[in-house]
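Presented below is the structure to which this report refers.
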Amino acid sequence: MCNLGFADGKLFLCRTTKETSLLRRAVAALPFSHVGRLALPVAQVAEAGLWQSRSAAPQTKIQADNVSSTSEFLWYIPNDVKPGHRGDAVSDNHNSLDTLTGHARALETHGWKGALVGTGWGRPDTFTVAAALTARTTTFEPLIAIRPGYWKPANLASAAATLDQLSGGRVRINIVSGRDELAAYGDDEGDQAQRYARTKEFMRLVRRLWTEENVSFEGEHFRVKNSTVLPRIAPREGRPHPKLYFGGASEAAEQVAATEADVQLFWGEPLAGVRERIERLRYLSETLGRDLPPLQFGLRITTLVRETTAEAWRDAEAKVAEMAANNGVRWNDHLQAVAVGQRRLLDLHRQSDVLDDNLYTAPGKFGGGGAGTTWLVGSAEDVATSLKKYRALGITHFVLSDTPYLKEIERQGDRLLPLLRD
């Protein structure tokens, strides 16, 4: 729901009582002015052509047209054994090789660089799925999510180097340090400090194995002696090795990102929150003595795009109503609500159902989970404008998604991506 404020013959969207109050004070001195309050669904406001956003919070100053062709756009493949993930179309063969290949080839056809392939114990092995999809495609780049407790650095370095050679340099790796079913695959790492200390060693050692020969290393968690990974990674322009993506919002996670990651991925927080984190990570990179190229930044978020703003909000509210009716079943991949980044997302709906221009936080009331917690909602033009604002903050890697996955690969590839390229 939102509030409508009427002032000097114009209707304004006020999402909170505080915003309405601010608007009331601002126009109190104007002749023939009146500020009223009316609760309406957001979709109804959009359909009536009344969408003129006003926010009580200080606005992040953004140069909204600063998106270049160097930005990279990836999609998401959930890699789930159960059908119907986050409202996806339900079919018996939803995770078959033919179905997943169809998604990967559609990504190639409709302008996407590749896709993040989801991981977690109880899902098909992510690396195996990624290898199969690269074998059946020509440009599709899998962003392969892996966990340090599941892999040893030398094993991952070798597997990734092999797939990178076979695929012609199409491998990306996403390091995941959050809790999982650790005991199920023999992992016993304990508290947060231990997990991130291990992750730091893992990322440093994998990078060395890709870029050096006869590597010897002895740390608290990993050790190798005179190790040379074959085949060697073939350096490419701007890419000495597969990029290492990383996520996490805790202090321990940010210290790892600042010194070891190539790309830090953020969940879909408001602009001000993302700007704050980028500034902090840049500061940490400097103070902790980062000895790698500058850290890059990415955004992992749901983008609900429709032909019109009104249609988008109608569909968004219908999806949330379905989530509420089903208690969020099949929407939540991230059950560890204590994780700092997830907690930040889940708390956003307490501020308002809509933040910035079109960041929909209501899904977080019913579980959401990860990228399903906040959605950018609107027409292709609406969503492109918002993504450009994130780009102006320094985001260059975008991992987007919506369901049904295949249909949205096509729709957003054809309608949204052209608006984001020079």
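Derivation of every value follows stated rules applied to the coordinates shown; laboratory data play no part. This structure is a prediction, so every number in the text was calculated from the model and none was measured. All Cβ positions, even for glycine, are placed from backbone atoms using ideal geometry, and neighbour counts span all protein chains on display.
Listing for the model above:
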quantity	calculated
Point-to-point label distance, Thr109-Ser96, nm (Cα→Cβ direction, 7 Å offset)	1.8
Gained length - Lys152 relative to Glu279, 0.36 nm times residue gap less alpha-carbon distance	42.5 nm
Residue-span extension gain [Thr396 to Ala272] - 0.36 nm each, minus C-alpha spacing	43.0 nm
Karplus-derived 3J(HN,Hα), 6.51/-1.76/1.60, for each residue of segment 297-311, Hz, glycine and proline x	10, x, 10, 10, 8, 7, 10, 9, 10, 9, 4, 10, 4, 4, 4
Anisotropy class of segment 215-304 from Cα gyration tensor, a/c 1.5 cut	prolate
Whole-Hz ³J(HN,Hα) from phi, Karplus 6.51 cos²θ - 1.76 cosθ + 1.60, for segment 214-226, glycine and proline x	6, 7, 10, 8, 9, x, 6, 10, 9, 8, 9, 9, 6
Ranked Arg306, Arg415, criterion: other C-beta atoms within 10 Å, fewest first	Arg415, Arg306
Ranked list, fewest to most other Cβ atoms within 10 Å of each Cβ, for Val340, Val176	Val340, Val176
Long-range HN-HN contacts of Tyr76 with modeled amide H, under 5 Å	Leu116
Added length on full extension, which subtracts the Cα-Cα distance from 0.36 nm per residue, Thr70 to Asp315	85.0 nm
Under Karplus coefficients 6.51, -1.76 and 1.60, residue-wise ³J(HN,Hα) of segment 198-212 in Hz, glycine/proline x	5, 4, 4, 4, 4, 5, 4, 6, 4, 4, 5, 5, 7, 10, 10
Centre separation in Å (Cα based) which lies between segment 362-422 and segment 157-232	31
For Leu299, distant residues with modelled amide H under 5 Å away	Phe266, His397, Phe398, Val399
Nonlocal amide H pairs with Glu141, under 5 Å, H built at 1.01 Å	Gly114, Ala115
Which listed pairs, of Lys200/Lys365; Lys82/Lys152; Lys113/Lys389, have C-alpha distances above 25 Å, in listed order	Lys200/Lys365; Lys82/Lys152
Efficiency of FRET between Leu419 and Gln351 - r from beta-carbon atoms, R0 45 angstrom, step 0.05	0.95
